[in-house]
1. With springs only between Cα atoms under 10 Å apart, run a GNM on the chain and tell me which of 44, 91, 165 wobbles the most.
2. Need one word for region 36-100: rounded, prolate or oblate. Basis is the Cα gyration tensor (sqrt eigenvalues a ≥ b ≥ c); a/c below 1.5 gives rounded, then a/b vs b/c decides.
3. Could you list 123, 152, 11 in order of exposure, starting from the residue whose Cβ has the fewest other Cβ atoms within 10 Å?
4. When a footprinting reagent is the concern and you count Cβ atoms within 10 Å, what order do 41, 124 take, fewest first?
5. Using a basic spin-label model with each label point 7 Å from the Cα along Cα→Cβ, how many nm lie between residue 21 and residue 109?
6. With the cut-off at 1.5 for a/c, could you classify region 10-186 from its C-alpha gyration tensor as rounded, prolate or oblate?
7. Which ³J(HN,Hα) values, rounded to whole Hz and listed in residue order, are derived for region 27-36 from phi using the Karplus coefficients 6.51, -1.76 and 1.60 in 6.51 cos²θ - 1.76 cosθ + 1.60 with θ = phi - 60°, glycine and proline given as x?
8. Given springs between every Cα pair under 10 Å in a Gaussian network model of the chain, which of 51, 141, 153 has the largest fluctuation?
Amino acid sequence: MAPKDSPISGDDAGRVIAATRAWLEKAVIGLNLCPFARPAYAGDRIRYAVSAATSEQALLADLERELETLAEASPTGIETTLLIHPQVLGDFLDYNDFLEVAEAAIIALDLEGIIQVASFHPDYQFADTGADDISNFTNRSPYPTLHLLREDSIERAVASHPDTDAIYQRNIETMRKLGRAGWDALGISPAPGKKP
């Protein structure tokens, strides 16, 4: 998925995708952090796009391309996209600021109400939590990742789930029971500063 002129080799892109798939299998699906993820994963309808970007400008270009790809694709082929960018926005605060750029791109491409972005990062931190608070780990992925979701898929998932508001609270309880040692035992996060 990395472009031919990418400084990320095919082998490196493969390792990034493998780490991301392991995170999906062991954490997102395995711990049931997102009850809506299993069908898309089981149906092989998740696109893993590894960005070779080393600047925010290059990442924005990749994001725009992936937004258009998802919008044009059939949901039976691509339900959702994980745009993984291991070489840019390693700092969580910079990543968090970039989410405004991502939202602006959605509006500029006239995809508001069609696609939305969810955020995952190795150092994810919710407001009013400490950096080591285990609740942050619900959104901690091996590499910085922009998750592109179809709005209609979200609406269908929400309609089929009895209490979506309870998911967040249940996830925090799951993470507290698991604890940091349990999370580390899953073996899904690369070491800090690790490059693909």
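1. Looking only at 44, 91, 165, the largest GNM fluctuation is found for 165.
2. Cα axes put region 36-100 in the prolate bin.
3. Placing the least packed residue first, the sequence is 11, 152, 123.
4. Details: 41 17, 124 21.
Ordered from fewest to most neighbouring Cβ atoms within 10 Å, 41, 124 come out as 41, 124.
5. So the two model labels end up 2.4 nm from each other.
6. Rounded shape, in that the Cα axes give a/c under 1.5.
7. 9, 4, 8, x, 8, 6, 5, 10, x, 9
8. Between 51, 141, 153, it is 153 that shows the largest mean-square fluctuation.
The numbers here are math on the coordinates, done by the rules we state, and not lab data. Everything numeric here is computed off the predicted structure, so don't read it as measured data. As a convention, Cβ positions derive from the backbone with ideal geometry for all residues, glycine included, and neighbour counts pool all protein chains shown.
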